[in-house]
1. Helix 33-55: angle to the longest alpha-carbon principal axis of the chain, degrees 0 to 90, nearest 10?
2. Return a whole-number percent for the relative contact order of the chain, with Cα pairs under 8 Å and 6 or more residues apart as the contact set.
3. Measure nothing but the geometry: give the 0 to 90° angle between the long axis through the Cα atoms of 61-82 and the longest principal axis through the Cα atoms of the chain, rounded to 10°.
4. If you take the beta carbon distance between LYS8 and LEU28 as r and set R0 to 35 Å, what does 1/(1 + (r/R0)^6) give as a FRET efficiency, to the nearest 0.05?
5. How many nm separate the modelled label positions at GLU41 and LEU83, each set 7 Å beyond the Cα in the direction of the Cβ?
6. In whole Å, what are the extents of the chain along the principal axes defined by its C-alpha atoms, from largest to smallest?
7. Net charge near ASP18, counting Lys/Arg +1 and Asp/Glu -1 over other residues with Cβ under 14 Å of its Cβ?
8. Put +1 on the Cβ of every Lys and Arg and -1 on every Asp and Glu Cβ in the chain; which of ALA67, LEU53, THR38 then has its Cα farthest towards the positive end of the dipole?
Amino acid sequence: MATKESTKALSEAVGELDAAREAAKLKLHLLSMDARRTWDEIEDSFLSLKQSLAQQSEKTAESSAVAARELARSLRKFVEKHL
């Protein structure tokens, strides 16, 4: 049962991360070059995390959900600061 809950939490965290990413991409054209470099780093982290999540087993779903939420928070802070 806990595995299904962890998997659901991970899925929700990735959905939250996807939504934050898409919202930021809509405003990307307004970013300065410094902000654009930071965005590229966040985007690379996002793509790497998403690929890693697809390859990980359910045993690591909970820790992956935490990592996804932390990245989502970083993305939201970035958007608040630069947009």
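Each value in this text was obtained by applying a stated rule to the coordinates, not by laboratory testing. Since the structure is predicted, the reported quantities are computational estimates derived from the model, not experimental observations. Neighbour counts are summed over all protein chains in view; Cβ atoms, including those assigned to glycine, are modelled from backbone coordinates with ideal geometry.
1. Rounded to the nearest ten degrees, it is 20.
2. In percent, rounded to a whole number, it is 58.
3. 10 degrees
4. E(calc), rounded to 0.05, equals 0.70.
5. Spacing of the two 7 Å Cα→Cβ label points: 1.9 nm.
6. 46, 18, 16
7. Here the count lands on +1.
8. THR38
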